[in-house]
Amino acid sequence: MKHATTLLTGFTLAALCQLAIAANGELAEARVFGGPPNQAQYVYEVELTAVDGEYIGPRSMLTLEPGDYTLTARVPAQLTEPAVGQRMRRVDEEVDFDITLEAGKDYRVRAKWHRTDFKKPYELIIEEAE
């Protein structure tokens with residue numbers, strides 16, 4: 001019964017979204033994703049944890065109205081230090097970044113690990129999804 005209720009709720013939300021798109025002609029919101037990873041190129045997922053300084057809990061996706069925001073991404077501990085300098089005890093790092101969102105667009109936020117760079121072991125990659 002719980003499974004059926006979950007499915008019904010999901011289908012209802014999808015139908016309402018389609019109605020909103022059909023009525024407006026375009027998506028009214030923008031989405032920000034904390035992935036996907038590409039480990040072959042040392043690109044990893046991040047969690048999105050705050051919007052304009054307000055904590056929202058770790059999420060892999062946000063849906064926001066178009067506009068300018070300051071988002072916070074949690075970078076995994078294994079990326080916060082170069083591979084040769086990693087200690088046994090590591091801590092996730094939270095990074096603030098500014099982003100301008102446009103209606104109907106999707107954005108990806110990921111972390112690229114620089115394995116041997118002592119000064120800057122990672123960088124945040126922010127790009128529009130295609």
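The values are calculated or read from the model by the stated rules, or taken from the named source; none is laboratory data. Note that this is a predicted model, so its numbers are computed, not measured. Neighbour counts run over all protein chains shown; Cβ positions are idealised from the backbone, glycine included.
Would you please list the contacts, defined by Cβ atoms under 6 Å and residues six or more apart or on different chains, that run from a residue in segment 112-130 that is on the phi < 0 side of the Ramachandran plot to a residue that is of a type in the set (Ser, Thr, Tyr) and not in a loop (DSSP other than H, G, I, E, B)?
Trp113/Tyr122; Glu128/Tyr107
Take segment 60-78 and flag every residue that is outside any loop (DSSP other than H, G, I, E, B) and within 21 Å of Ala28 (Cα to Cα).
Once the filter is applied, which keeps residues that are outside any loop (DSSP other than H, G, I, E, B) and within 21 Å of Ala28 (Cα to Cα), segment 60-78 yields Met61, Leu62, Thr63, Leu64, Gly67, Asp68, Tyr69, Thr70, Leu71.
Just to verify a result, which residue in segment 119-128, among those that are over 14 Å from Val32 (Cα atoms) and surrounded by 14 or more Cβ atoms within 10 Å (Cβ to Cβ), is modelled with the lowest pLDDT?
Per the stated criteria, the residue is Pro121.
Based on this model, can you work out whether Thr63 counts as of a type in the set (S, T, N, Q), over 30 Å from Lys119 (Cα atoms) and either at pLDDT 80 or above or surrounded by 12 or more Cβ atoms within 10 Å (Cβ to Cβ) (or both)?
Against the criterion (of a type in the set (S, T, N, Q), over 30 Å from Lys119 (Cα atoms) and either at pLDDT 80 or above or surrounded by 12 or more Cβ atoms within 10 Å (Cβ to Cβ) (or both)), Thr63 qualifies.
Residue under question is Thr116, and the condition is that it be β-branched (Val, Ile, Thr), under 22 Å from Glu54 (Cβ atoms) and exposed (fewer than 12 other Cβ atoms within 10 Å of the Cβ); does it hold?
no
Taking only segment 102-124 into account, find how many residues are hydrophobic (A, V, I, L, M, F, W, C) and more than 13 Å from the chain's Cα centre (by Cα).
Final tally of qualifying residues: 3.
Tell me, which residue of segment 86-110 that is in contact with a Lys or Arg (Cβ under 9 Å, 6 or more places away or on another chain), among the charged types (D, E, K, R) and at pLDDT 90 or above is surrounded by the most Cβ atoms within 10 Å (Cβ to Cβ)?
Within segment 86-110, the match that is surrounded by the most Cβ atoms within 10 Å (Cβ to Cβ) is Asp106.
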